[in-house]
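Note sheet for the following structure.
Nothing in this text is a laboratory measurement; each read-out follows from the coordinates by a stated rule. This is a predicted model, so every value here is computed, not measured. As a convention, Cβ positions derive from the backbone with ideal geometry for all residues, glycine included, and neighbour counts pool all protein chains shown.
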Amino acid sequence: MKHLKEIYIAPREALKKLRAARRLGQTVYIYGATGYGKTELVKRYLANRRYHHFSCGEGTAGLGNVQEREWKELAGEAGGKEHKAVVLVDDLHMLKNKEGRKIVLEWSKKQEVWLILVSRSPVPSWLMPLYVKEGFLIISEEDLNLKEEEITDYLTAEQIPFTGEEAAYIREKSQGNAYVIRHTILRMKEGLHPGDELTEEIESAFADYLENFILMQWDTDLLEFLMQISVVEEFTLPLAEMVTGNCRVSELLEKAEEAGNFLFCTNGVYRLRPVLIKALRKKAAKRYGSKGMMDYTYNAGLYYEMHNQIVPALEMFERCGRRERVKELLVRNARLNPGNGHYFELRHYYLQMGEEEAEGNVILMAGMSMLYSLLLQEEDSEYWYGKLKDFAEKAKGGQKREALSRLVYLDIALPHRGSVDIIQIMKRVPSLLFDRGIFLPEFSVTSNYPSTMNGGKDFCEWSKEDRKLAATIGRLVERVLGRYGKGLVKVALGESLYEKGGDTYEVLTLLTRAQMETEGGGMMEIEFAAVGLQIRLNVFHGEMQTAKALLHSFETKAREQGAVQLLPNIEALKCRLALYEGDKDGVEAWMKTAPDEGKEFYVMERYRYLTKIRCYLSMGEYLKAQSLLEKMRYYTEKFKRTYIRMEVNLLSAMTKQRMGGAWREDFLAALRKMCEYGFLRLASEEGAAAQELFAAESKAFWEKELPDKQWRTRLMAETGKMAVRYPVYLKRQLAQRPDFCETALDILRLQAEGLSVNKIAQELGMKAETVRYHTKENYRKLGVAGKTDAVLAARDLGIL
C-alpha cells in the first residue's frame with residue numbers, strides 16, 4: 001500500500017510468506033492486479049537493507065549491466081548472516097525479449113542471490129519449468145489483499161470514526177485492493193461515508209487510472225481485442241471469435257493471461273474484472289464510436305441467438321437498437337412452456353410491448369396470458385386469454401388452428417386455474433384438436449419440479465382416487481400430452497402411493513418403469529420427478545449414499561443432454577440432502593446461489609424457496625424463514641396449491657415454535673389436511689424438526705386433535721424413525737454462526753482466560769483501541785452485552 005501520512009498496514013499473510021522466503025533464501029514470485037501493493041510491500045520489507053531494484057518496464061539494459069558484475073561482491077555488500085545479494089525484479093509481465101528472460105533464469109540459479117520477482121500475472125509459461133524444478137514461494141493476490149482486520153487497523157491508525165458494518169463494506173467492495181482502500185480512506189477523511197455513491201466514484205476513478213496508465217502499456221492487438229470483447233461480461237472462445245471476427249483469439253488470450261491478473265477462466269468461460277470492463281468500454285467508445293461498438297454487440301446477439309441463449313441475445317439486440325430482432329425472439333420464447341422459457345427474466349420486454357403489437361400474433365397473446373398468470377395477475381391473464389379467444393373465432397386456416405391449439409394449452413396449463421376441470425378439458429381435446437389434425441404445443445407437466453402431483457399443477461384431489469384414475473384416464477392423459485406425458489401416469493401413481501406410505505416395492509417398481517419410459521423418447525423433466533421420488537424413498541429408508549449416487553448420475557445425464565433448466569432444482573435437492581446430513585458447508589454454499597426473495601418473488605422458483613426456508617431454519621434465521629413463508633402462503637391461496645399449503649403450514653409451525661410464537665394452529669391445519677388425503681411422508685420426512693412439535697404437547701392433546709388413531713400412530717412412528725436416522729436435520733441453533741476472523745477468535749480465547757483489554761493488546765502486539773473494536777464486534781455478532789455471555793455463547797457455537 002502507498003504512503004498515507006507515513007501510515008502503512010502490511011497484508012499479514014504476504015508479509016509472513018516474505019519473511020519465510022528470506023529465511024530459506026528461496027526465490028519469491030509475487031503477483032496480483034494493479035493496486036494490490038506488490039512493489040510497496042517489498043520496498044517496505046527491504047527498507048533497512050541494501051538491495052538492487054530493476055523494472056522490466058524500463059527495458060533490459062540494467063539487467064545486462066548487472067550480469068557483468070561479480071556476484072560475490074554484491075553478496076558482500078548485502079551483509080548480514082545470509083550473505084546473499086537481494087535483487088528485486090519488478091514488472092516482470094513486461095519482460096518480452098529472450099535475452100532478459102535468460103538473465104532472470106540465470107540469476108534464479110545463483111546461490112549468492114535472493115531473487116524477488118514481481119508481476120501482474122501468475123507464473124508465465126517461460127518460468128514454469130524452473131518453478132516446477134526449483135520451487136518458488138508464491139505470494140498471490142489472495143495473500144496481498146487486505147482483510148477486514150487490517151482495514152480496521154488502518155482506519156484506527158488514521159483516527160477515522162467507523163462502524164463494523166463500514167469496515168466490512170469497504171472490504172467487500174474493494175476486494176482488499178490497497179489502491180481502492182486508500183482512496184476510500186482519503187474520502188472518509190473528508191467526511192464521506194462508505195456507500196454505493198462513494199463506491200461508484202472510486203470505481204470510476206480507478207477505471208480512469210487503468211484507461212490512462214495501464215491499458216496504454218499493452219500491445220495494440222491485445223488492447224483492440226479486449227475492447228471489442230468488452231461488449232459482453234463473459235465469453236467463450238467461439239463467442240470471442242464471432243464477436244471480434246479474429247482468428248487469433250487463442251493466441252491473444254494467452255497474451256492476456258501473461259499481461260496481468262485480470263482474466264479468469266472457469267470451465268472454458270472467460271471473465272474480465274468488472275472495473276477493467278468499464279475502462280475498456282470507455283476507451284472503446286473513444287476509439288470506435290457508438291456505431292462501431294453496436295456492430296460488435298450485434299455479433300454477440302447473433303451468437304447467443306444461434307445457441308438458443310435468448311436472454312443475453314435480447315439484451316444485445318436491445319443495446320444495439322435492433323427492435324425487430326427483439327420481437328422475433330420474444331415470439332420464439334413464448335412458444336416455450338414456462339419450464340423451458342424465460343418468461344420472468346424477459347417480463348419487462350413483454351410488458352413494454354404495445355398492446356396492438358401483440359394483438360395480431362397468436363403466440364404473443366398466449367404468451368402474455370401465461371406471463372400474467374405467473375406474475376399472480378389473474379385478471380390480466382384472462383384478459384389476454386379472451387383476446388386470443390376472440391381472435392380464434394374470426395381467424396381462418398393455419399392461424400385458427402394455431403389459436404385453438406394455444407387456447408386448449410392455456411385451459412390446461414394456466415397456473416391460476418388450478419386442476420379442478422382438467423379431466424373434462426382433456427376429454428374434449430381429441431374432438432377439439434386431434435380430429436382436425438391439430439396438436440398441443442410444447443408442454444410442461446412438472447415445471448422442472450421433482451414431482452408430478454405437486455409440479456405444474458396441484459393434483460392432491462386426484463390422489464384420493466389414484467388407482468382408479470390411473471386405470472381409467474391414464475391412457476387419455478398420455479395421448480393428449482404425447483411425448484410430454486410419457487411415464488407420467490406411473491410417476492404420479494407412484495408418488496401418490498409413496499405419500500400415503502404405500503408398499504415400498506410397488507412404489508419403486510412404478511418409478512423405475514416410468515423412468516425407463518421417459519428414456520424411450522419422453523421428457524427429462526418427467527424422469528427428474530421419477531428420480532427425485534426414488535431419492536426421497538432412499539432417504540426415508542436411511543440409504544443416503546444410494547440417494548446421493550442416484551442424484552449424481554441423473555445430474556451428469558442432465559448436463560450431457562443439455563437439460564440446463566433442471567439444474568437449479570437439482571442443486572436444491574442436493575442442498576436438502578446436505579440438510580439431512582448436517583453439512584453446513586454444503587448448505588452455505590447453496591445459499592449463495594439461492595434466489596433472492598427480497599428482490600423479487602417468482603412462482604417458478606417455489607422448490608428453491610421451500611429449500612431456502614429449511615436452510616433458514618437450520619441457520620437460526622427464523623424471521624427470514626417466516627417472511628418467505630408468508631409469501632409462499634399468499635401464492636398457495638391464489639393458485640390453489642393444496643400440497644404446498646400443507647408444507648407451508650408445517651414449516652411455519654416449526655418456525656413459530658422456535659421463535660416462541662403460536663404454532664399449534666398451523667401445525668394442526670397441516671396435519672388435518674394431510675389426514676384427509678392419507679398423506680404421511682410430507683410430515684414424517686421432517687424427522688427431528690417435526691418430532692419436536694409432537695413432543696411439545698401431551699399424548700392426550702394429539703389424541704383429541706387427531707382422532708384417526710391408525711394414521712396418527714403411523715405418522716408419529718415414521719417421524720420418530722426419521723429423527724433417529726437424521727438427528728441433526730434442521731437442528732436449531734442458538735444463533736447464526738458468524739464469520740469470525742482469526743484476530744477476533746484470538747481475543748475471545750484470551751478473554752476466556754481472563755485477560756484484560758490491555759493485556760490482550762500486549763499479548764497480540766496491537767493497540768488497545770483495536771482490541772476494543774474487535775471485542776465490540778464480537779459482542780454484536782454473538783448478540784450479547786458482556787464478556788461472560790460472549791464466552792458462553794462462543795462455546796455454545798463451538799468456536800471456543
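What the table below lists for this structure:
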| read-out | value |
| --- | --- |
| Peptides 626-635, 584-593 ordered by average Cβ neighbours within 10 Å, highest first | 626-635, 584-593 |
| Cα-based Rg and Dmax for segment 586-743, where Dmax is the largest Cα-Cα distance (Å) | 16.1, 58 |
| Proportion of all alpha-carbon pairs of segment 253-400 beyond 26 Å (%) | 43 |
| Residue among GLY289, SER230, ILE277 farthest towards the positive dipole end of segment 215-320, charges placed on Cβ | GLY289 |
| Surface/4 estimate of mean projected area, convex hull on alpha-carbon atoms of segment 322-439, nm² | 7.5 |
| Protection proxy ranking of 242-253, 176-187 - average other beta-carbon atoms within 10 Å, highest first | 176-187, 242-253 |
| Size of segment 148-214 as Cα extents on the principal axes (Å, biggest first) | 33, 21, 18 |
| Computed [θ] at 222 nm, helices only, for the chain once each DSSP H run of length n ≥ 4 contributes -39500 (n - 2.57) | -19500 deg cm²/dmol |
| From phi via Karplus (6.51, -1.76, 1.60), per-residue ³J(HN,Hα) for segment 130-138 in Hz, x at Gly/Pro | 5, 4, 5, 6, 8, x, 8, 8, 8 |
| Segment 367-475, dipole about Cα centre (Lys/Arg Cβ +1, Asp/Glu Cβ -1), debye to the nearest 20 | 540 |
| Sorted by Cβ density within 10 Å, fewest first, the residues ILE310, ILE116, ILE438 | ILE438, ILE310, ILE116 |
| Whole-Hz couplings from phi, Karplus 6.51/-1.76/1.60, listed for segment 110-121; x for Gly and Pro | 7, 5, 8, 10, 9, 9, 10, 10, 10, 8, 8, 10 |
| Taking N as its residue count, the alpha carbon Rg of the chain over 2.2 N^0.38 Å | 1.16 |
| Inter-probe distance in nm under a simple model that places probes 7 Å from Cα toward Cβ, at SER250 and LYS110 | 3.9 |
| Dipole magnitude (debye, nearest 20) for segment 289-434, charges at Cβ of Lys, Arg, Asp, Glu | 500 |
| Separation between Cα centres of segment 616-665 and segment 503-542, rounded to whole Å | 28 |
| Proxy reagent accessibility, fewest Cβ within 10 Å first, across MET524, MET306, MET674 | MET306, MET524, MET674 |
| Around SER444: net Lys/Arg minus Asp/Glu count, Cβ-Cβ under 13 Å | +1 |
| Cα gyration tensor shape of segment 444-555, rounded if a/c is under 1.5, else prolate or oblate by comparing a/b with b/c | oblate |
| Among ILE526, GLY360, PRO194 - extreme Cα towards positive end, dipole of the chain, charges at beta-carbon | ILE526 |
| Label-point separation, GLN762 to ARG49 (7 Å along Cα→Cβ), nm | 3.2 |
| Net dipole in debye of the chain [+1 Lys, Arg Cβ; -1 Asp, Glu Cβ; about Cα centre; nearest 20] | 1000 |
| Cubic angstrom per residue, convex hull over Cα atoms of segment 215-320 | 95 |
| Distance between segment 287-306 and segment 96-116 - C-alpha centres, whole angstrom | 45 |
| Amide H contacts under 5 Å for ILE30, placed H, 5+ residues apart | LEU117, VAL118, SER119, ILE139 |
| 28 Å Cα-Cα threshold exceeded, pairs from LYS638/LYS704; LYS464/LYS721; LYS389/LYS631; LYS584/LYS699; LYS278/LYS781 | LYS638/LYS704; LYS389/LYS631; LYS584/LYS699; LYS278/LYS781 |
